[in-house]
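K.L.:
Okay, handing you the structure first.
The values are calculated or read from the model by the stated rules, or taken from the named source; none is laboratory data. Note that the structure is a prediction, hence the values are computed from the model and not measured. No Cβ is skipped: glycine too gets one built from the backbone with ideal geometry, and neighbour counts run over all protein chains shown.
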Amino acid sequence: MGLFNRIKDPVDGQFNLVSCSIASGGAVYENCSMDGVVSGPGVTPTSVHHSSLATPVAKWPQPGQTLPVTFDREHPDRLKIRWDQMPTNREVAQMYAAQQAQQMAAAQATGASVFASPSVIGDPSRPLPGAPGGGLTPQESAQALAGGAVALGLLPTTARVLAAYAVQPPAGVPTAPGGVWDLTLDVTPVGGNSGYSTVMRIGFSSVQKQQTIAAIGRELPVLADPQRHDRIMIDTSRLA
């Protein structure tokens, strides 16, 4: 049965994401599991879980994002995301980059510094490093920086910061001095593949480094695995 056959009383509204799964890469469309709050005219905001079976990887959502949806007034969990009304992450990156350039130009004119870092909390339930979807282990990162990137399937390219989310660690768990952040990155095509977006979790040794690297629109040198989009790291040897 089609989704719209189940939506008896359709309402156009929005879906505010709290958490969502990570794209594994290598496909145009993938299944995305999401949790958030659905709201619309005359409808009480409702917490729902939604699984989007054909999520376009080029428009992959992130925690804190608001998605346009059509849902059932009586059953808000019956919803359809209007992907056709959303820009691609590459288009968003271009927009943020233009805004960042304007902010930096204004900062230079006044002698001030401008950094854009949303205070939205990142998804604390992401997989551990080394697990599927969890990115590189600390040992793999050290190996890559020591010249072993190619052996790990990592290729040099660049990525632009689309968004930065602070991650709140559990009580009693130590964190990096500059905090732990999830960076949403728009990755330049590498290894003959098309560009894509992904999320990288990173701890910063100082607040200054966090503000410099996690600035929206910032282009970063990275080492990326074109076959597994979660395997990505900042190439500090090329970081200006």
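K.L.:
Working only within region 15-34, note down all residues that are part of a strand (DSSP E or B) and touching an Asp or Glu at 6+ places or on another chain (Cβ under 9 Å). Full working, then the answer.
P.N.:
Of the residues in region 15-34, the ones part of a strand (DSSP E or B) are 15-20, 29-34.
Within region 15-34, Leu17, Val18, Ser19, Cys20 qualify.
Every residue, every condition in (1) of a type outside the set (S, T, N, Q); (2) in contact with a strand residue (DSSP E or B) (Cβ under 6 Å, 6 or more places away or on another chain); (3) closer than 20 Å to Arg228 by Cα, yes or no:
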| site | (1), (2), (3) |
| --- | --- |
| Gln143 | no, no, yes |
| Gly147 | yes, no, yes |
| Pro174 | yes, no, no |
| Thr198 | no, yes, yes |
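K.L.:
Going through region 184-240 one residue at a time, which ones are touching a residue at least 60 places away in the same chain (Cβ under 8 Å), farther than 14 Å from Val161 by Cα and in a helix (DSSP H, G or I)?
P.N.:
Kept after step one, since they are touching a residue at least 60 places away in the same chain (Cβ under 8 Å), are these residues of region 184-240: 184, 186, 195-201, 210-212, 214-233, 235-238.
Filter once more, keeping what is farther than 14 Å from Val161 by Cα: 223-231, 235-238.
Correct list: Thr236, Ser237, Arg238.
One line per residue, one yes/no per condition, for (1) of a type in the set (Lys, Arg); (2) at pLDDT below 80; (3) surrounded by fewer than 18 Cβ atoms within 10 Å (Cβ to Cβ):
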{"position": "Gln65", "(1), (2), (3)": "no, no, no"}
{"position": "Phe71", "(1), (2), (3)": "no, no, no"}
{"position": "Arg78", "(1), (2), (3)": "yes, no, no"}
{"position": "Gln99", "(1), (2), (3)": "no, yes, yes"}
{"position": "Ile121", "(1), (2), (3)": "no, yes, yes"}
{"position": "Ser125", "(1), (2), (3)": "no, yes, yes"}
{"position": "Pro132", "(1), (2), (3)": "no, yes, yes"}
{"position": "Glu140", "(1), (2), (3)": "no, no, no"}
